[in-house]
Structures are given as C-alpha cells and as structure tokens.
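Below is one structure, written out as structure tokens; comments come after it.
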Ligand SMILES: [Zn+2]
C-alpha cells in the first residue's frame, strides 16, 4: 500500500543546494551588473534584477510541480513531450519576429519565450527513452541513425531560427552516446576532422600539404617495416585528407558570402574586429583581469567598460564575477559548476534504470557544454558563441529551461529511491 | 541495455573531461587575474574612459552641386556620475553660468539614467566656455568634453524635404544597439530615409585617466581604439533655386508644389507651405522651436506635398477620364457633346459654367466642361452593360497613373491617397446596386477621390511622357555614385500613346484665348496645363493646377495646390507658370504675374496664431 509521502522524499539535497547557490549567486551578479545607486528596491520590476527575481520565483514553483508529478510520467510521455516541443519550434519559425538576426522568440501576451531552451530537456527525454529501451543496441547502425535523427531535428530547426549557439549545444549529446557505447574511435575521428577543418580555414592548402606530408613522412619512418604497401596506404590517406582540405577551401572562398567569411575569420582570430565579437572578448578580459585575486568588492566594479559589452547581464555575466569577486569568486563559481556536473554524473551511474542514467548524462553534458563555452568565451579560450551560463545569465526562458532540465533528473532519481522502499 | 550497464568505466573519461575543463579555466583565470598585471590598472583610482568619436554626418547637395546641409563642430560637456565624486560645484556653476540647484537637478537626472554611463550635462557649449573648461577640467573629475557635429543649412529652404536630426528616442535605442543615449539620428525627411548612409560609423578611443581627471594617454597603445568613418555625401534631385523660388511664391499661403523631371522621376522641388527655416530645428533651440511649430495651427510641420491625401483632384482628373474614354472606345477626338450649362439626366443636374457649345474633346479640356465629362464617364462605366465591370476597368486605368497607391521610393513619408473600389460602393449601396449616375462626381474629379500633390505631379509627368512615368524620388547620387537603377524602372500606364495627343493639345489650349489659364500664358514657352478645384466642405475651395512644359520635349511637370484659394485659374495657374519660367529660363520676365502672387495673403487671420 502506498502511503502519502512528501514530495521531497528521496530527492538529492546536494543537487538542490547547488542549484540554489548558483541561482542566488547569479542573481547577485545581475544585480551588480545593472546596479545604480539611485535604484530604490531590489523588487523593482523595471530592472533586470527585479525581473530575474520573478523568473526565479516562477522557476522554483515549476521545480516543485515537477517534483509533485509522478516519476513515471517523464519516461511514459517522453515521446509526446518531444513531438510537442518540435512543433513549438516550427511554430516559432513560422511566427517569430526577427530580434538581432535570430527568429527564436515567441510572444505570449506580455511574455517572451525562447522554445529552444525547452527543446534541450525534451530531446534529452526522447534520447533517454530510445537508448534506454532493452532492445536498443548502440552498435547497430539503425540505433545510430535514429539517435542522429532525434538530435538532428531540433538542431536543424534551431539552426533555421538562426540561433547557432543553441544549435551547437546538441553536439554535447555526443558524450551521452559515448557513455552508452558509441565507439570512442568514431568520436576521435569526428574530432580529428573538426580540427582538420579548422586548420584548413587557418592555413592555405599548400601549407596544409606541407604539414600533412611531413606528418605522413614521420609516420612512415617510425614504422619498423617500410614496405611499399605502407607507403601507398599513407599516400592514399594523404590524398583523401588533401581532398577534404581543398573542398573546405573551395566552400569558404566560393560558396560563403563575404560577411560570413569575415565572421569566420574573426572567430578564428585571423581578422581583428574590435567593434564586433573580438571587441567584447577584449573588454571582458580586461574586466575579469582587473578583478585581481580578491576582486574589487560587491557593487564596486569601476570599469565603465560594462556599457560596451551589450550582453553584460546575459552572455557576459561572468565578467561581473571576475571583476567584483576576483579569482576567489571565479574559483568558487567554477568549483560549484564542476561539483554540480560531477554530482549528476555520479548519481547517474548509481541508477538502476537506463532511462534515468541516460537522461542524467544528457543533463550533465548540456551543463558542461554551456559552462565550457560560456566561461571559455569570456576569458578568450573559446569563440564567441552566444549561449547563457546556466542559472547565472539573465533571462526567464533559459533559467526555466535549466531548472526543468535539472529537476526532472532530481525527480527521476528520487523516484528510484521511493520505489525501493 | 537496461540493468547491467556496460561501459561504466567510461564515466571516468567523462568526469576527466569535466575536471580538465575546470582546471584549464582556473589556470587561465589565475593567469589573467593574478599573474598578468597588464589587465589590471595600476592604481585603484585609475579609470578607463571610453570616448566616442562622432563621425561627420554626410553632406547634402542639390542637383547642381549647391550645398544644402553641412556640419558645424559643437561640444557637449559630459559627466560620469560614478567618477564625479568630489566635484568643484562652484567652478562648474561659474563657467556654465548656472545656479547650484540647477546643477543638483542635472546630476540627479544623470544618475537616474546611469551611474556608470556618461550623460550630457550641458549641450553644445560655446567656444569660449569650451576654452575655459579645457583649463579647469583637471579639477572636475568625472567630467569631460565630447565633440559632436551640428547640422547647418546655408539656405533656409527645403525644411520638410531635408528633415532634421534629433536625439535617438528610447524606442530607437532598444531597436538598434548602434545608438547610445544622446546620439543623434535622422528623424524626418532625407535625414531619416538615408540615415544609414548619412550617419557614418562611430569610433571609440579608450583613454586612461588618473585621479585628477588628466588623460594619461591611450590604453594599450590604442589597441582597442576604432576610427570614426564619415557619413556619405548625398546629391539630391532638387534644384535649390527652384525650391527657394517656389517657397517664396507660397509665402502667406498654405498648400504645396511638387515639380518633377518627367524623363527621370527626379523631384526638382517639393514645397509645403507654410514652411520654416531648417536652422530652427538644430541644437539647443530645437526643442523649444519644435514645440512652437507643433502648436502652430497652420501645421507647418505637416508635409502637405506628401501627406495631404484627403483632397480630390478636381477637374485636373478630367484628363484621366478623357484618356480612359478613348482607350475603352467610348469617345474619340472628334466626339462632341452639348452643354446646357450643366450635365442633365432625368432629375439629376450637375452644373457647368458659361462657355460655347457643343465642344469636342480638345475644347472640353480647354473649357473644363462638366457636361462633357458627365457623358464620357457614364459611357465608360456603362460600356459593357454592367456598371461594376465598367468601373473595375476604369479603376485599373486610373491606378496605372500612380494614383491610390504608394511609390515606395525614398520619400520620407508617403500616403496612398484614395481611389474607391467596387467593394466600397457595394458596402455603401449594396452589392452591385449602384449605377454610373450614383458615382458621377468621379467624372469631374470630386467625390470619393483623394490625391496627394506628389501623385498629381506624377500623373502630369505620365501625361507629359505620353504614357509612362518613373516613380518620383529625391536622391540622385550617394558619394558620387548614381543610384539611378534603384528607382528608374519605367512604369507604363494602360493608355496607348496615340490617345495622349488630343488631350495634350487640349492642355496647351488651356493657355490660349478662352482657356482657363489664358492669363498665365508665356509668349515663348509652350505650356500644357489644367485647372482644378477641390471642393472643401470646411471653407473656401482649394485651387489646383497641373502643368508641364515645353509641350513637345517636357523638362518639368508640376502640380500646384493652394488651400482656400478658390478656382485653379486664380492662384494655381500663375504659380505653376512662374515655376516653369523660372526653371526653364532662370529668370522672371512677367512681374505683372508675379507681383500679385507675392503680395497675396490667403491665410485666414482667425487661424493666424499665437505661439
Ligand atoms: Zn460645360
């Protein structure tokens, strides 16, 4: 017989506390970023910190609702949830007005929603449901194709919205596939081609020929048996690789529009664009660097530069952490994110249900990707790709999206324990 | 795959990646935050200041290379509240000549906008004040001087057409991140239509400033600086002299003149009266003057040439009915009608004035006979036996002259005017329950029609060209490069070329003995014109005249619209005739015609107000 239990039964308090800490620190930094000595109240809803407070309240409410719903719901309805989300993405494509080059927002009354933020949870559920099935085997070609389709549909729809950053997030699911048995070689091969692709853009085909040729020669001379067969094999690989290099070169020079070429060159650091992407990174580095070891103190950031980074409360919120809290602050934030991701991975591995484990890996991968790209971007280690820092960046849709993503996992994990009793 | 989970060891690879990312980040952060000093500014009090370098806004010239708009340097005193902590209030008040409480109010306002972003503290300070400030700036921490440019107009003409610039509105700031608070943006006229070309590109200088508000040179050798790019030069299609003359003729009147070059669609003059000196809307005096102009009951800010769409074209529209009548075959150049001083059908009567009778097509235009067009119009509408079908055909022909729709060129503002549709009459009278007699006022250009002066000018250009027009536009070239192909797509009317000759003959006869424009004739220029009167239910009728010249090689086509001036022959015709003379001969040799126009004051003294 089932007795009435609290919705908090069995939930992982470590995750909940990490969540609350991150949300609270995020809000503090949004407050600092828009702070103005004249502002009256922290509840001033005309200001971003006031609005974010409302978003936080709403997200906590939604988190409670998620905990209230039966754990079975998420696995049972994963496919309908996925389909509904894809339809929503199509609606966005058809109806959204263009904002800053992207069509990714829909207006519901006074509210603006960015459905791409919710597509991540839906895709994670669908992928978990598919891969978690007893009959699914990773090594089957069919499995790889279907998994590719599950990930490809939202990625393509979001790309059509011109929201490249959110699209790239779906690449993070590669880690999930790897954990579920996708050959590491496939991932390494993909990675190798990605590196080759970037190198092809960076260097002329001639340089590439010299580089690849030298690698080939070295490989040849380090082999014990220097047979003709080996030489031919290496030569063949070289031809294939150079073919790839030339086609990238051709694509870049003859297919892309000049402004697209410029954007890629800026991304690769070949061209300086102090007004555009490169400019923001420079400002962001100055801000973080000027924080020193202990920071300038809460609300004491002195640099006017904030005004020149347009996304100071969204994509570049980490600047505020760096400037006002110094290395100590950035250390704490990075430690919290690392703890969150490791904790999710750890809990995932203790699951009996494959569904929950895979879903957990999806959550961890998404957080890792956002964490890596966003912070990497602000310190100049990653290209400028506009995606938010989970729980930190200003924005209702992203906060709600990440909350849903995390709390479904917390519920699934808690549900496991409930069933054990 | 459930339960016994293979690949568990891969967990360590994934966790390893997470840790690797975290450690890389921490290493990098430790480097830029703790080890690398270059990101840190030596003393806590040293501050970076971002000075925006405003580019010179693009210049504007007329078609003959005469300067219409240029820039003058101006200086704004800016304040960054956060840095302005220990301010020598007395010094600032003394230099600017303001009271202490004024100072406080301005600081409060600046803080309300932003604690960190610079606000304008005093706009456009004078050269002397600027010099004094330069000396004492070191005592005024948080204050600096920002160079800007102001628009200047060497001739006080073409205010509506050129438009004005003003501070970017809150909405503009949100729409386009290029603009920062206090930036200028084109708000009306060409300044608005060509904002992106004119504004150029702002530059930024990053400067280090010490405790004493002294600049210590550029930050990192100007690595983060960008250079401002000046705006592009625009060559307008207008003729400044003709524009100025037209404005002079329209003084003390309300109305509009639009003159076009028929062979290109270029606007030679675009006059809306009353007008104002564009220098009034520049700099410190702008907002005060703007309010005055806005309150003026004669509505000087309203661009009548482009916006006044409620007025019917009056008898000038008979030209169109004459052309359509020939095209659908209900009338030819020899068709005559009697005029018993009006058009009569059963109990219906539409009056006409005294002239000889009967008239042929040419004479019907010369004398502007209402009876003739009553007959022509009813035959057009009824020629298929079904009025609604005939009307639909008629309407298509009318719209091919650019009436009832917009041109979508570079006009800063535009109205479509009104050409009623079948649906309009169906709604009014019931589906197809209306006849040609119901809508007969359209025969003489009254009733539900509405045309803007620029549409009338364009209609005249289409007649002058014998069947086609180029959409009217205001700019010839940007930075010396012709923009011809953007607007010079030839628009054909639905009327065959041959039908224009009798109509144009009739228009030339308007300036001959007995014609409605006889008094405004010119001895050596063969002009073609047509008078019109727009009935005005609120007062005296509006006077309209359309005209082009020379007859065989049209160089100018124009429409004149004078409010509350009665019939077209008294004011419209002489103004149009003088404009043509001015443009084609560059002089005025008919002072007898000019003088009464210049002296006329048609403004209702009851309306003359009161700023
Ligand atoms: Zn008559």
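The values are calculated or read from the model by the stated rules, or taken from the named source; none is laboratory data. Every value quoted in this text rests on a predicted model; they were computed, and no experiment measured them. Cβ: placed from backbone, ideal geometry, glycine included. Neighbour counts: every protein chain shown.
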- With respect to residue A:92, is the statement that it is within 14 Å of another protein chain (Cβ to nearest Cβ) and buried (at least 21 other Cβ atoms within 10 Å of the Cβ) true? no
- Item | Per-region count, region A:309-340, residues at pLDDT below 90 and surrounded by fewer than 20 Cβ atoms within 10 Å (Cβ to Cβ) | 2
- Within region B:346-361, which residues are more than 9 Å from the ligand (Cβ to nearest atom) and surrounded by 13 or more Cβ atoms within 10 Å (Cβ to Cβ)? B:349, B:350, B:358, B:360, B:361
- Only one of these conditions is not met by residue A:285: (1) modelled with pLDDT of 80 or more; (2) surrounded by 18 or more Cβ atoms within 10 Å (Cβ to Cβ); (3) more than 30 Å from the chain's Cα centre (by Cα). Which number is it? (3)
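Scan region B:8-31 and tell me whether some residue there is at pLDDT 85 or above, assigned to a loop (DSSP other than H, G, I, E, B) and more than 7 Å from chain A (Cβ to nearest Cβ). Spell out how you get there, then give the answer.
Of region B:8-31, the ones at pLDDT 85 or above are B:9-31.
So of that shortlist, the ones also assigned to a loop (DSSP other than H, G, I, E, B) come out as B:9.
From what is left, the residues that are more than 7 Å from chain A (Cβ to nearest Cβ) are B:9.
So far as region B:8-31 goes, yes, one or more of its residues are at pLDDT 85 or above, assigned to a loop (DSSP other than H, G, I, E, B) and more than 7 Å from chain A (Cβ to nearest Cβ).
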- Task: Scan region B:124-159 residue by residue and report those that are within 21 Å of residue B:202 (Cα to Cα) and surrounded by fewer than 16 Cβ atoms within 10 Å (Cβ to Cβ).
- Result: B:147, B:152
- Task: Out of the residues in region B:303-334 that are crowded, with 19+ Cβ neighbours inside 10 Å and in a loop (DSSP other than H, G, I, E, B), state the one that is nearest to the ligand (Cβ to nearest atom).
- Result: B:331
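Inside region A:45-72, can you point out the residues that are within 20 Å of residue A:128 (Cα to Cα), assigned to a helix (DSSP H, G or I) and within 26 Å of the chain's Cα centre (by Cα)?
A:66, A:67 - these are the residues of region A:45-72 that are within 20 Å of residue A:128 (Cα to Cα), assigned to a helix (DSSP H, G or I) and within 26 Å of the chain's Cα centre (by Cα).
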- Message: Given the condition buried (at least 22 other Cβ atoms within 10 Å of the Cβ), at the interface with chain B (Cβ under 10 Å from one of its Cβ atoms) and modelled with pLDDT under 95, answer yes or no: does some residue in region A:382-396 qualify?
- Response: no
- Quick check: is even one residue across region B:34-55 within 11 Å of another protein chain (Cβ to nearest Cβ) and modelled with pLDDT of 85 or more? yes
- Query: Between a first residue in region B:340-364 that is within 14 Å of another protein chain (Cβ to nearest Cβ) and without any contact (Cβ under 8 Å) to a residue 24 or more places away in the chain and a second residue that is within 7 Å of the ligand (Cβ to nearest atom) and in a strand (DSSP E or B), which pairs have beta carbons less than 6 Å apart while being 6 or more apart in sequence or on different chains?
  - Reply: none
- Query: Would you call residue B:403 away from every other protein chain (no Cβ under 14 Å) and more than 10 Å from the ligand (Cβ to nearest atom)?
  - Reply: yes
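For region B:414-423, indicate whether the set of residues that are touching a residue at least 24 places away in the same chain (Cβ under 8 Å), within 30 Å of the chain's Cα centre (by Cα), in a loop (DSSP other than H, G, I, E, B) and more than 30 Å from residue B:163 (Cβ to Cβ) is non-empty. Talk me through it step by step, then tell me what you get.
Restricting attention to region B:414-423, the residues satisfying the condition of being touching a residue at least 24 places away in the same chain (Cβ under 8 Å) are B:414-422.
Add one more test, that the residue is within 30 Å of the chain's Cα centre (by Cα), and what stays is B:414-421.
From the residues that got through so far, the ones that are in a loop (DSSP other than H, G, I, E, B) too are B:414-417, B:419-421.
Adding the requirement that they be more than 30 Å from residue B:163 (Cβ to Cβ) leaves B:420-421.
Checking region B:414-423: at least one residue is touching a residue at least 24 places away in the same chain (Cβ under 8 Å), within 30 Å of the chain's Cα centre (by Cα), in a loop (DSSP other than H, G, I, E, B) and more than 30 Å from residue B:163 (Cβ to Cβ).
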- Query: Exactly one of (1) crowded, with 22+ Cβ neighbours inside 10 Å; (2) over 13 Å from the mean Cα position of the chain (by Cα); (3) within 10 Å of chain B (Cβ to nearest Cβ); (4) closer than 23 Å to residue A:121 by Cα is unmet by residue A:365. Its number?
  - Reply: (2)
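Has region B:370-391 got at least one residue that is assigned by TED's automatic domain parsing to the domain that holds residue B:421, within 16 Å of the ligand (Cβ to nearest atom), free of Cβ contacts under 8 Å to residues at least 12 places away in the same chain and in a loop (DSSP other than H, G, I, E, B)? Give the steps one after another, and end with the answer.
To start, the set of residues in region B:370-391 that are assigned by TED's automatic domain parsing to the domain that holds residue B:421 comprises B:370-391.
Adding the requirement that they be within 16 Å of the ligand (Cβ to nearest atom) leaves B:370-378.
Cutting the leftovers down to free of Cβ contacts under 8 Å to residues at least 12 places away in the same chain gives us none.
Checking region B:370-391: not a single residue is assigned by TED's automatic domain parsing to the domain that holds residue B:421, within 16 Å of the ligand (Cβ to nearest atom), free of Cβ contacts under 8 Å to residues at least 12 places away in the same chain and in a loop (DSSP other than H, G, I, E, B).
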